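Peer 1: Here it is: the structure, laid out below.
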Amino acid sequence: MRYRFIVPVLVLALAGCQSSRVAPKGESIHVSDDVALGRLVPGVWVYTSYFDGPEAGGRTGANGLVVVSGREAVLINLPWTDEQTAALFDWIEGKLSATVKAVVPTHFHQDCMGGLAEAQRRGAVSYGLDKTIALAQRDHLPVPQSPFGFRTAIRYGTSIVLVTYHGSGHTTDNVVAWLPKQRILFGGCLVKSQDATSLGNTSDGDLRAFPVTLRSVKAAYPNAEIVVPGHGDWGGPGLIDHTLKLCKKSDQ
């Protein structure tokens, strides 16, 4: 599937995006040939890194968040590669005058933690669900340093990111990240973009648990105004409902 990152539009035209705070798509900032960013709200950017290989099924974009308060930043997800991660770190330091304090992959796949080794080399503390750590060790991948079993709170500057495991879905270890101050939910690959027509790769997931987990996420963040999926355009809470419909479709 081909994913778009940011396109200039005057009006956000995603179904289910009912909040006026859902950021319209604007001009993208190109960090490198394979990494682009767009600002959601002050202090929060969506980045998309692109990878072309058999693991990705062709050139594919994967989303993450850069959240900044003062001179401290946190990354939700890492780009596909160490080289992309280095470029993103350099941009944050050079353009935002901030240091990446912590990183957290939302599951163990390459589109979430491919650049973990580079992040750790640069001194960022890496957090990972205990399930993610076990899967990384099984597959001989770089391993997050600070485990958590259900939820962790990452403080940066005067803000906080809450990372929580609600259950299996896309993978058995997928977590979501909540920015309470900004009312932004990063759903990762547990949540699909509005133009997605299937749940995608669920070979490491649990189709039976998927809708149960999504309902838990929906109930936990009733004040979410912006929802960012793992691939494709962000929107509002309607993206969760759209993904629930895709779960029903997969059962047919």
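Peer 1: Evaluate the distance, in nm, between pseudo-label points positioned 7 Å from the Cα of Glu93 and of Phe150 along their respective Cα→Cβ axes.
Peer 2: 3.8 nm
Peer 1: Counting only protein heavy atoms, what percent of the accessible surface of the chain is carbon or sulfur at a 1.4 Å probe?
Peer 2: About 50 percent, which is the carbon plus sulfur part of the accessible surface.
Peer 1: How large is the accessible surface per residue of the chain, computed with a 1.4 Å probe and reported in Å² as a whole number? Working shown, then result.
Peer 2: Values: 10910 Å² over 252 residues.
In whole numbers, the chain has 43 Å² accessible per residue.
Peer 1: I want the antiparallel fraction of DSSP beta bridges within the chain, as a percent rounded to 5. Write out the running numbers ahead of the final one.
Peer 2: Details: 36 of 50 bridges.
DSSP beta bridges in the chain are roughly 70 percent antiparallel.
Peer 1: Between Thr158 and Arg39, what is the label-to-label distance in nm when each label sits 7 Å out along the Cα-to-Cβ direction?
Peer 2: 1.8 nm
Peer 1: Also: Kirkwood Rh over Cα pairs of the chain into Stokes-Einstein at 4 °C, 1.567 mPa s: D in µm²/s? Display every interim value, and only then the final one.
Peer 2: Working: Rh = 17.7 Å.
Estimated diffusion coefficient is 73 µm²/s.
Peer 1: For the stretch 192-252, what is the convex hull (Cα atoms) projected area averaged across all directions, in square nanometres? Don't skip to the end; give the middle numbers.
Peer 2: Values: hull surface 16.0 nm².
Here the figure is 4.0 nm², rounded to one decimal.
Peer 1: Could you check which residue among Lys101, Lys192, Lys218 shows the biggest mean-square fluctuation in a GNM of the chain with a 10 Å Cα cutoff?
Peer 2: Comparing Lys101, Lys192, Lys218 in the GNM, the peak value goes to Lys218.
Peer 1: Could you estimate the translational diffusion coefficient of the stretch 69-157 from the Stokes-Einstein equation, with Rh from the Kirkwood formula over C-alpha pairs, at 25 °C and 0.890 mPa s, in whole µm²/s?
Peer 2: Details: Rh = 12.9 Å.
For the chosen part, D equals 190 µm²/s.
Peer 1: Picking from Val103, Gly157, Leu246, whose Cα lies most toward the positive end of the charge dipole for the stretch 96-252 (charges on Cβ: Lys, Arg +1; Asp, Glu -1)?
Peer 2: Value: Gly157.
Peer 1: Springs between alpha-carbon pairs under 10 angstrom, Gaussian network model over the chain: which of Leu141, Leu75, Leu40 fluctuates most?
Peer 2: Leu141
Peer 1: Out of the stretch 91-192, which chymotrypsin sites (Phe, Trp or Tyr not before Pro) are coil in DSSP terms and have no more than 13 other C-beta atoms within 10 Å?
Peer 2: Details: sites: Trp91, Phe108, Tyr127, Phe148, Phe150, Tyr156, Tyr165, Trp178, Phe186; in loops: Phe108, Phe150.
Within the stretch 91-192, the qualifying chymotrypsin sites (Phe, Trp or Tyr not before Pro) (loop, at most 13 other Cβ atoms within 10 Å) are Phe150.
Peer 1: Take the chain, connect every pair of alpha-carbon atoms lying under 10 Å apart with a spring to form a Gaussian network, then pick out the residue of Arg138, Arg39, Arg183 with the largest mean-square fluctuation.
Peer 2: The residue with the greatest mean-square fluctuation here is Arg138.
Peer 1: Right, next: Using only DSSP helix segments of four residues or longer, with each worth -39500 (n - 2.57), what per-residue ellipticity at 222 nm results for the chain after dividing by its residue count and rounding to 500?
Peer 2: Values: 6 runs with 58 residues, N = 252.
Taken over the chain, the calculation gives -6500 deg cm²/dmol.
Peer 1: In whole Å, what are the Cα extents of the stretch 156-240 along the three principal axes, biggest one first?
Peer 2: Extents along the principal axes: 39, 24, 21 Å.
Peer 1: I need the calculated FRET efficiency for the pair Glu27 and Arg122, taking r as the beta carbon distance and R₀ as 35 Å, to the nearest 0.05. Don't skip to the end; give the middle numbers.
Peer 2: Working: r = 28 Å, r/R0 = 0.80.
It comes out at approximately 0.80.
The values are calculated or read from the model by the stated rules, or taken from the named source; none is laboratory data. None of the values given here were measured: they were computed from a predicted structure. Cβ: placed from backbone, ideal geometry, glycine included. Neighbour counts: every protein chain shown. Please note that ligands, DNA and RNA were not included when accessible areas were found on the heavy atoms of the full protein model with its side chains. Shrake-Rupley method; radii C 1.70, N 1.55, O 1.52, S 1.80 Å.
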